[in-house]
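These notes are about the structure you will find just below.
The values are calculated or read from the model by the stated rules, or taken from the named source; none is laboratory data. Not measured: the values here are computed from a predicted model. In this analysis, Cβ positions are derived from the backbone assuming ideal geometry, glycine residues included, and neighbour counts consider all displayed protein chains. Quick note on the areas: whole protein, heavy atoms, side chains included, nothing else; ligands and nucleic acids left out. Shrake-Rupley method; radii C 1.70, N 1.55, O 1.52, S 1.80 Å.
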Amino acid sequence: MPGVVALRRDGEVAVITVDNPPVNALSQAVRTGLVDAFSQARDDKTVKAIVLTAAGRTFIAGADITEFDKAPTSPTLVDVIALIDAIEKPTIAAVHGTPLGGGLEVTLGCHFRIAAAGTRLGLPEIKLGLIPGAGGTQRLPRLVGMEKGAAMILSGDPIPASEALALGLIDEIFEGDPAAVGIAFARKVLAEKRAILPVSRRDDKIAPLRADPVKFDAIVAAHAKRARGLHAPTAAIEALRMNLDVPIAQAIERERAKFMELRGGEQSKAQRHIFFAEREAAKIPGLSKDVKPREIRRAAVIGAGTMGGGIAMCFANAGIPVTVIETKDEALKRGLGLVEKNYRASAARGAMANEDVDRRLGLMTGAVGLDAAKDADIVVEAVFEEMDIKRDVFGKLDALTGPDTVLATNTSYLDVNAIAHTTTRPSSVVGMHFFSPANVMKLLEIVRGADTAPEVLATAMAVGRKIGKVPVVVGVCHGFVGNRMLRARSIEAERLLLEGALPQDVDGALTEFGFPMGPFAMSDLAGLDVSWRMRKAQGARAEIADQLCEMGRFGQKTSKGFYLYEAGSRAPRPDPEVEALIVATSQRLGITRTPLDRKTITERLIFPMINEGARILEEGIAQRPGDIDVIWVYGYGFPIWRGGPMFYADSVGLPYIRDRLIAFAKLTGDKRHEPAALLSRLAKEGGTFGGLTAKAA
Ligand code: 3H9
């Protein structure tokens with residue numbers, strides 16, 4: 001394809017420019033273009049040095065992920081980099097934006113790397129269930145050492161140019177046009193007759209480790225521990241270990257073979273699905289491109305509780321001044337004090353510099369009384385989850401704030417339309433449902449009310465992205481998408497206790513499935529009293545949980561809940577008292593307890609959620625199945641390598657899920673288990689949830 005890679009001359013320097021928008025991914029055309037351009041520059045005797053750059057917003061951001069579902073084609077990226085690596089004239093990569101994955105690997109084939117200020121460099125393959133597949137696991141540690149190399153590869157997180165310079169990953173940071181600076185750098189290298197040594201032949205940073213291989217285990221130990229259930233980290237550690245005792249050419253071959261195996265595996269497919277689903281979630285069908293988000297210069301958060309404080313931190317972290325509002329000075333002080341404590345703890349952990357803490361705190365102003373919200377461009381209400389209180393707040397905000405102020409509620413269950421109608425401008429009202437801890441969790445449900453104006457919706461989405469969240473649009477219903485599906489799971493979890501399981505059986509099944517925590521350990525962490533209060537308000541009952549609350553067992557905060565907690569420990573220990581209570585309750589309700597195996601428990605918990613997800617799609621509460629997957633992966637700890645509940649459903653097979661649901665409905669008499677119409681139809685037609693999105697696109 002003409003145009004994706006251009007070769008030009010600037011005197012004795014050849015300049016190769018990749019131009020493949022949007023992110024200069026290494027498609028087959030780009031790889032072919034690179035081979036042609038580098039071969040030509042290599043063979044031209046009048047060329048003394050070669051500069052590689054990219055046009056547009058970023059240097060090459062990696063392999064073209066859309067090609068990963070197809071058969072591999074030549075030349076491979078390994079071929080491209082081997083060719084560059086063997087060139088005996090100086091090669092310089094002048095990068096900007098995000099040189100990631102295969103993009104960074106290409107630069108590791110060059111002799112020198114220089115980066116524009118603001119560049120972020122990394123090998124994020126692990127986030128796609130992969131390992132670097134074109135020499136990254138061998139060349140990066142040779143350049144930056146094993147400790148940092150392993151951390152970059154196993155976390156997948158990019159590093160800023162300043163750190164890359166300190167580590168020796170790059171040789172210089174520049175301002176200005178990459179090509180022009182690259183050419184000047186090339187001339188300097190030529191003038192100074194600098195020695196050139198391919199990264200592949202460097203050994204100085206690896207040699208000490210070879211003498212002390214035990215150190216390698218220590219370096220990767222912490223990462224290995226976090227890799228529960230994932231194949232890629234284990235493969236990455238194996239590949240990194242080859243630096244110690246396998247000749248580099250052979251190591252690159254083996255790395256490639258492992259990469260290809262992971263690429264074809266289910267985990268990477270699921271993680272790639274989430275990558276694209278996350279980007280798809282940013283798109284709102286029917287919202288015209290002409291609709292521009294409003295400018296947000298100042299925010300206000302109503303409520304300085306755990307949620308309010310966390311939300312205020314999100315704004316301050318993004319550099320947006322924020323006023324935190326409470327009704328009483330005491331509550332305000334307590335809330336702001338907690339925020340400061342949180343920030344200082346991050347600084348003490350080394351996650352943030354002290355100056356950053358001061359800057360962020362400097363962006364936060366505390367105030368008593370709603371009046372302080374009047375100059376905000378967006379107000380996020382995070383008060384107690386009670387309709388009357390919310391109505392009161394919104395009524396007052398309506399009168400106080402300007403007509404262009406976005407009024408957002410952080411309600412997790414309540415009717416956003418009802419809240420909107422307490423104002424004279426329901427079109428300004430939108431839900432912004434954060435997840436706890438709000439400053440950490442990436443998910444943000446953007447609840448579109450019946451009257452929410454397109455511009456207000458677009459603003460909420462833009463703010464969400466600006467504060468580093470993954471915003472997903474959902475419609476109004478009790479619990480929206482995430483909590484509504486969670487409820488289906490919670491009801492089932494309680495029922496399983498009565499039928500024969502114990503909390504540790506249920507939690508064990510879900511952690512084995514890949515959740516970081518099971519529902520009962522989770523309830524203990526969140527506090528059982530919260531949902532107890534909510535159930536009481538709705539006249540609902542949960543047999544076991546309610547009895548625990550009546551006994552004053554509220555979870556970790558009282559050292560007792562579904563489990564026992566020893567002083568100072570968060571590790572749940574099974575409690576015979578709870579076991580006895582469960583058995584007695586089954587007996588009292590006339591339920592014969594039977595042992596339940598892990599597979600049954602998992603299906604009983606996950607399939608009703610999928611069923612609820614199907615109803616959510618039928619009702620248009622979620623725009624697409626991928627949105628539900630993103631919500632569950634980013635907000636509820638659904639294992640990313642299973643791709644979220646709807647992707648997982650497709651991988652299990654919809655006819656099987658339908659049949660199991662029919663059986664569950666018979667067993668429990670619960671009508672909610674009857675398969676949703678959409679699920680039944682897809683199962684009958686041989687369709688999939690994924691196919692719905694493909695059809696809509
Ligand atoms: C790899 O390199 C393997 C090698 O080791 C070995 C090979 C043998 N491919 O995110 P955005 C699309 S694995 C195809 O909204 P931003 C994206 O879908 C790869 N498409 O922009 C979106 O499309 P649309 C390692 C890609 O500015 C559009 O570009 N690399 C790719 O917020 C804009 O993306 C990575 O994992 C791709 N590689 O963020 C990097 N990347 O407009 C993955 C993006 O239709 N990419 N697209 O929705 C990213 O992290 C971010 O996209 C980036 C830009 C930071 C680059």
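Per-structure values
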{"quantity": "All positions within region 331-369 that are more than 20 Å from Ala299 (Cβ to Cβ) and among the basic types (Lys, Arg)", "calculated": "Lys333, Arg334, Lys341, Arg344, Arg349"}
{"quantity": "Breaking point among (1) farther than 20 Å from Ile81 by Cα; (2) more than 15 Å from the ligand (Cβ to nearest atom); (3) assigned to a helix (DSSP H, G or I), for Ile126", "calculated": "(2)"}
{"quantity": "Of the criteria (1) closer than 23 Å to Pro198 by Cα; (2) of a type in the set (S, T, N, Q); (3) not in a loop (DSSP other than H, G, I, E, B), which one Thr46 fails", "calculated": "(3)"}
{"quantity": "All positions within region 208-227 that are farther than 13 Å from Leu154 by Cα and either touching a Pro at 6+ places or on another chain (Cβ under 9 Å) or in contact (Cβ under 8 Å) with a residue 60 or more places away in the chain (or both)", "calculated": "Leu209, Lys215, Phe216"}
{"quantity": "Criterion (at pLDDT 95 or above, crowded, with 24+ Cβ neighbours inside 10 Å and away from the ligand (no atom under 13 Å from the Cβ)) met by exactly one of Ala151, Ala134, Ala115", "calculated": "Ala115"}
{"quantity": "Matching residues, region 577-602, being open to solvent by less than 70 Å² (accessible area, probe 1.4 Å) and either free of Cβ contacts under 8 Å to residues at least 60 places away in the same chain or among the hydrophobic types (A, V, I, L, M, F, W, C) (or both)", "calculated": "Val578, Ala580, Leu581, Ile582, Val583, Ala584, Gly590, Ile591, Leu596, Thr600, Ile601"}
{"quantity": "Residue match in region 329-344 (condition: within 30 Å of Met485 (Cα to Cα), in contact with a helix residue (DSSP H, G or I) (Cβ under 7 Å, 6 or more places away or on another chain) and basic (Lys, Arg))", "calculated": "no"}
{"quantity": "Elements of type helices (runs of 4 or more DSSP H) in region 549-642, at least 1 residues being closer than 19 Å to Leu502 by Cα", "calculated": "576-588, 598-618"}
{"quantity": "Given (1) over 16 Å from Met441 (Cβ atoms); (2) open to solvent by 10 Å² or more (accessible area, probe 1.4 Å); (3) of a type in the set (A, V, I, L, M), index of the condition Ala318 fails", "calculated": "(1)"}
{"quantity": "Count - residues of region 88-97 that are open to solvent by 10 Å² or more (accessible area, probe 1.4 Å) and away from the ligand (no atom under 11 Å from the Cβ)", "calculated": "4"}
{"quantity": "Long-range neighbours under 9 Å by Cβ, at least six apart or interchain, first residue closer than 18 Å to Asp629 by Cβ within region 481-508, second polar (S, T, N, Q) and not in a helix (DSSP H, G or I)", "calculated": "Gly482/Ser412; Asn483/Ser412"}
{"quantity": "Residue within region 244-264 that is in contact with a Phe, Trp or Tyr (Cβ under 6 Å, 6 or more places away or on another chain), under 30 Å from Arg57 (Cα atoms) and not in a helix (DSSP H, G or I) present", "calculated": "no"}
{"quantity": "Exclusive hit being free of Cβ contacts under 8 Å to residues at least 12 places away in the same chain and either part of a helix (DSSP H, G or I) or more than 24 Å from Lys283 (Cβ to Cβ) (or both), set Leu661, Leu682, Leu667, Leu678", "calculated": "Leu667"}
{"quantity": "Region 47-87 - residue that is of a type in the set (Lys, Arg) and within 15 Å of the ligand (Cβ to nearest atom) and, of those, most open to solvent (accessible area, probe 1.4 Å)", "calculated": "Arg57"}
{"quantity": "Members of region 643-658 found to be touching a residue at least 40 places away in the same chain (Cβ under 8 Å), part of a helix (DSSP H, G or I) and open to solvent by less than 60 Å² (accessible area, probe 1.4 Å), listed by number", "calculated": "Pro645, Met646, Phe647, Tyr648, Ala649, Asp650, Ile657"}
{"quantity": "Where Leu100 falls short, out of the listed (1) more than 9 Å from the ligand (Cβ to nearest atom); (2) open to solvent by 10 Å² or more (accessible area, probe 1.4 Å); (3) assigned by TED's automatic domain parsing to the domain that holds Ile183", "calculated": "(1)"}
{"quantity": "So Arg541, is it open to solvent by 50 Å² or more (accessible area, probe 1.4 Å) and touching a helix residue (DSSP H, G or I) at 6+ places or on another chain (Cβ under 6 Å)", "calculated": "no"}
{"quantity": "Filter result for the condition that a residue is open to solvent by less than 20 Å² (accessible area, probe 1.4 Å), modelled with pLDDT of 95 or more, among the acidic types (Asp, Glu) and in the same structural domain as Leu34 (by TED's automatic domain parsing), over Glu105, Glu163", "calculated": "Glu105"}
{"quantity": "Residue within region 250-269 that is over 26 Å from the mean Cα position of the chain (by Cα) and away from the ligand (no atom under 16 Å from the Cβ) present", "calculated": "yes"}
